[in-house]
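Here the structure comes first, spelled out in structure tokens, and everything after it is commentary.
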Ligand code: FAD
């Protein structure tokens, strides 16, 4: 059942992604970033993980901060690329020991200098295999540490799957670079769900139709878990170029020109937020179950975007919107 706020309005669910800090300046600001994003009441705050384990301790520190200083559910990204089975098991146990019980299971990208066709994987070859391993290790862990089974409120987006754990996965509306056809992406997502994934977050994309078409195709292929679109307010041409590379899409010319024409930081920020707001509203109107925001450790743009789509009250942590009909969660 959807959460309904006291005034009867239905909430637009949203979540945030953070990077572990890469320098002392960001590390010093992190407590404030976490506190201010948590005050907006997201469903989760997820923390990225450097492929190959490069950010293992800084990711864990940040997840621990979210767990111990807020009441928001921390969600740990984990990658398995280059890991042996024993190493991946050890990392999952280490996170569970810290009370981190919800995961985003990823294969991870090839190491620098290698391509998709090179041999770079370890014992686990896909995100689906990591999903399966997380469930297995977690079951064993809970049986020896039952107190970990309790802890956090079940996130609203967790539907189906195995009790007590959200294991999310990645989805690619414009196809993963390794895929030869979009059908292969549907199959990869189906394999993740069969392994026990119960929520998917998408890679970045530029057009609402990319997402809506993908969800329709995935549903036809048999995927039932919610597929939450991942969004970012792009406020510079450099970032837009990087985003297009990640999305595997041509740079959207209109947005690029608007960013180029904008003469100040404030004007570029407005272009990026306006574009992301329009996209978010189209996605929600099309049946998206909520939105996942790639914050890039920023507070202002995500907050402004959420205020514009009516997911939060301006200037406060209230969260009221009357946009989403009941049952939206099960539709996308
Ligand atoms: P998989 O889907 O397991 O595999 C990639 C491709 O292989 C598939 O798309 C498909 O083409 C093929 N494939 C796999 N299984 C099958 C199958 N059963 N049948 C047919 N084809 C199959 N990277 C990081 O390093 N750290 C992060 O924190 C991080 N966070 C991310 C968060 C999100 C929301 C997203 C979308 C991506 C993130 N990434 C992160 C990037 C991710 O690691 C890369 O995109 C990686 O190349 C693919 O990981 P995956 O788990 O989706 O791979």
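Summary of computed values
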quantity	calculated
Debye equation applied to the C-alpha atoms of the range 18-62, log10 I(q)/I(0) at 0.13, 0.32, 0.33 Å⁻¹	-0.29, -1.19, -1.21
Fewest-first sequence of 190, 306 by Cβ atoms within 10 Å of each Cβ	190, 306
Calculated log₁₀ intensity ratio I(q)/I(0) where the Debye formula runs over C-alpha points of the range 179-221, q = 0.16, 0.23, 0.33 Å⁻¹	-0.42, -0.87, -1.28
Stretchable slack from residue 118 to residue 239, in nm (0.36 nm times residue separation minus alpha-carbon distance)	40.8 nm
Theoretical gain in end-to-end length, residue 56 to residue 109 [0.36 nm per residue, Cα-Cα removed]	17.5 nm
Along principal axes, Cα extents of the range 202-258, largest first, whole Å	38, 16, 15
Order of 75, 246 - criterion: other Cβ atoms within 10 Å of each residue's Cβ, fewest first	246, 75
Length released on extending from residue 209 to residue 187, taking residue separation times 0.36 nm less the Cα-Cα span	5.9 nm
With eigenvalues of the C-alpha gyration tensor scaled by 5 and rooted, the range 63-117, Å	26, 13, 8
Part-to-part distance (alpha-carbon centres) for the range 181-221 and the range 224-246, which is given in Å	16 Å
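All of the numbers you see were taken from the coordinates with simple rules; none came from a lab. Predicted, not measured: the structure shown is a model, and the values here were computed from it. Cβ sites come from the backbone with ideal geometry, for glycine too, and all protein chains shown count toward neighbours.
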